[in-house]
Amino acid sequence: MTQKKELNALYRNISSVVVGKKEPLLLTLATLLCRGHLLIEDVPGVGKTVLARALARSVTAEFRRVQCTPDLLPSDITGVSIYNQKTSEFQFCPGPVFTQFLLADEINRTTPRTQSSLLECMAEQQVTVDGTTHAMDALFMVIATQNPVEFHGTFPLPEAQLDRFFMRIRMGYPSAQDELAIMRMQNWTHPLDALQSVTTRKALLALQKQVPEVEVEDSVATYITALVRATREHPDAELGASPRGTVALMKASQAVALLGGKDFVTPQTVKQVAVPVLAHRLIVKQNAVLAGRHGEDLVGDVLNQVPVPVGPAA
């Protein structure tokens, strides 16, 4: 199967379950192609978990789920060393993090201590337990969900944790037509039950290697840098996006261009992914928050203020 057919098959397979969500699906696949991690933030019942499960089922790969609760311990995620009386040695029992797709459902319901157990594996694809470092699979991806409107019994994600998420997306409510289709689809059984894999781990790893080959012309690269630097100078920003955000914005633009069948990045592609890549990396000043301003608003201001390059790529 060719590269384009592989991506189209993956997109169609997921969209057969997640109805009417073209943009969230595109951004999810872009995150996957960039070997990033995804944070899905929205109200209950709009398909956050379904999207994660549909993605995992579409690939012949291992999937595990962690239901985050306040009593969840770091060892419940990373694993623990247990003393083996027969061998008189400690034996490491891997936790659910040792997989290809990990769903951390309602991640903000677990404590900061447990949230931080994902920092190393998300950044370096390895886990250190009792002084021993264990390598993880090359296809490892964390898909975390959280409810932004419920605060009782939740623990906000720290900035270091948010910065490790490649993108933060929202699903949104479906249109009336899409909601009717969803209702009909689930009359007898859930469409996830019949979903089959359409690609393999090996094929995905090969697709991920195609992303760096997408050209980022000098003027577009300068535009990406200018956007990120402008977030640090915004009057309502306590803290702007990090250099990790600069790299993520470039890679996301390359992945979306690849998904669109292009071999180069345009400024329009950069603008398309700027909000999901950068907004969650900003810390907004308290007076701006009280005035109803959020990271998305600041990124929108930056997109309007930074001049768009004019050239062959543009």
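Below is a table of values for the structure above.
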item	result
Qualifying residue in segment 12-27 (condition: acidic (Asp, Glu), in contact with a strand residue (DSSP E or B) (Cβ under 6 Å, 6 or more places away or on another chain) and within 21 Å of residue 248 (Cβ to Cβ))	no
Residues (outside any loop (DSSP other than H, G, I, E, B), crowded, with 20+ Cβ neighbours inside 10 Å and in contact with a strand residue (DSSP E or B) (Cβ under 6 Å, 6 or more places away or on another chain)) located in segment 257-294	276, 277, 280
Given (1) touching a strand residue (DSSP E or B) at 6+ places or on another chain (Cβ under 7 Å); (2) closer than 20 Å to residue 26 by Cβ; (3) in the same structural domain as residue 297 (by TED's automatic domain parsing), number of the condition residue 204 does not satisfy	(3)
Filter pass, residue 162 being part of a loop (DSSP other than H, G, I, E, B) and touching a residue at least 12 places away in the same chain (Cβ under 8 Å)	no
Some residue of segment 260-268 being closer than 25 Å to residue 56 by Cβ, without any contact (Cβ under 8 Å) to a residue 12 or more places away in the chain and in contact with a Ser or Thr (Cβ under 8 Å, 6 or more places away or on another chain)	yes
Tally of residues being in a loop (DSSP other than H, G, I, E, B) and crowded, with 17+ Cβ neighbours inside 10 Å across segment 114-136	1
Sole exception among (1) out of contact with any Lys or Arg (no Cβ under 8 Å at 6 or more places or on another chain); (2) of a type outside the set (Ser, Thr, Tyr); (3) assigned to a strand (DSSP E or B); (4) closer than 25 Å to residue 159 by Cα for residue 98, by number	(3)
Every residue from segment 249-294 that is small (Gly, Ala, Ser) and closer than 15 Å to residue 165 by Cα	252, 274, 279
Residues being among the aliphatic types (A, V, I, L, M), within 18 Å of the chain's Cα centre (by Cα), surrounded by fewer than 21 Cβ atoms within 10 Å (Cβ to Cβ) and farther than 18 Å from residue 283 by Cβ - total across segment 137-170	2
Single unsatisfied condition, residue 248 versus (1) more than 22 Å from residue 25 (Cβ to Cβ); (2) in contact (Cβ under 8 Å) with a residue 60 or more places away in the chain; (3) of a type in the set (A, V, I, L, M, F, W, C)	(1)
Close pairs (8 angstrom Cβ cut-off, 6 or more residues apart or separate chains): in contact (Cβ under 8 Å) with a residue 60 or more places away in the chain and of a type outside the set (Lys, Arg) in segment 89-117, surrounded by fewer than 22 Cβ atoms within 10 Å (Cβ to Cβ) and part of a helix (DSSP H, G or I) anywhere	100/201
Selection from segment 258-277 of residues that are at pLDDT 95 or above and within 13 Å of residue 27 (Cβ to Cβ)	269, 272, 273, 274, 275, 276, 277
Residue 184 of a type in the set (Lys, Arg), surrounded by 16 or more Cβ atoms within 10 Å (Cβ to Cβ) and modelled with pLDDT of 90 or more	no
Residue, surrounded by the most Cβ atoms within 10 Å (Cβ to Cβ), within segment 205-230, restricted to residues that are of a type outside the set (A, V, I, L, M) and in contact with a Phe, Trp or Tyr (Cβ under 8 Å, 6 or more places away or on another chain)	217
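The values are calculated or read from the model by the stated rules, or taken from the named source; none is laboratory data. Just so it is clear, the structure is predicted and the values come from calculations on it, not from any experiment. Neighbour counts are summed over all protein chains in view; Cβ atoms, including those assigned to glycine, are modelled from backbone coordinates with ideal geometry.
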